[in-house]
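Structure first, then comments.
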């Protein structure tokens, strides 16, 4: 019965994590650039005992069975491209991330391209983090344009030709799904994700930029609701196993009196 309680408890803990993840996906259905997460499970397996040993002799203190969470992965499948018309909305059509400078000096990454200009003419995201690179828009610059390759140009007063003020780079990783979510649509690099590869948008598999467009969340509401129903049922079944084990133990205790 102790094993039954342990197995049910591992199922409840894992089920709660899955419910929390699905709820977060649904809550961010309308968040631009949001990427859905998935919880990955595995059985808690016990190795077979050595020849001539019983399971109790080889592993006397190990609890048997149950489920555990191996990881929480992020799906970087592209979301719907939505036209906004704003020159500071720039979506990545393909693979890659924008790189931002965090307040502690570290580098973080995001797929969300909703920018704003600060007082010095640098591009920042909605959390106020500055976009890495050399892009600086002069105050007197007008008609901001960003090409699919990331070249940023403006029209300066009394000049016939447009002025190039920098290039937005797209950053790629060998295993982007191994990046760690740190909230606010931002991701940190992990050893499993690999090193950052910088490049021009559209080159070597990097996505091209789409000015005036916004990538929406890649959350599929029907898929999420189906997963939610299954997760709720699994949670309920584990709760019933816990209740049944408790009732059996209570009956055994009463028989001993």
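The values are calculated or read from the model by the stated rules, or taken from the named source; none is laboratory data. In this text, all values refer to a predicted model and were calculated from it rather than measured experimentally. Cβ sites come from the backbone with ideal geometry, for glycine too, and all protein chains shown count toward neighbours.
Annotations
- Flag if residue 193 is surrounded by 15 or more Cβ atoms within 10 Å (Cβ to Cβ), closer than 17 Å to residue 108 by Cβ and in contact with a helix residue (DSSP H, G or I) (Cβ under 6 Å, 6 or more places away or on another chain): yes
- Hey, residue 41 in contact with a helix residue (DSSP H, G or I) (Cβ under 9 Å, 6 or more places away or on another chain), surrounded by 13 or more Cβ atoms within 10 Å (Cβ to Cβ), part of a loop (DSSP other than H, G, I, E, B) and modelled with pLDDT of 55 or more or not: no
- Candidate set from region 158-183 (those that are touching a residue at least 60 places away in the same chain (Cβ under 8 Å) and part of a loop (DSSP other than H, G, I, E, B)); member that is nearest to residue 27 (Cα to Cα): 179
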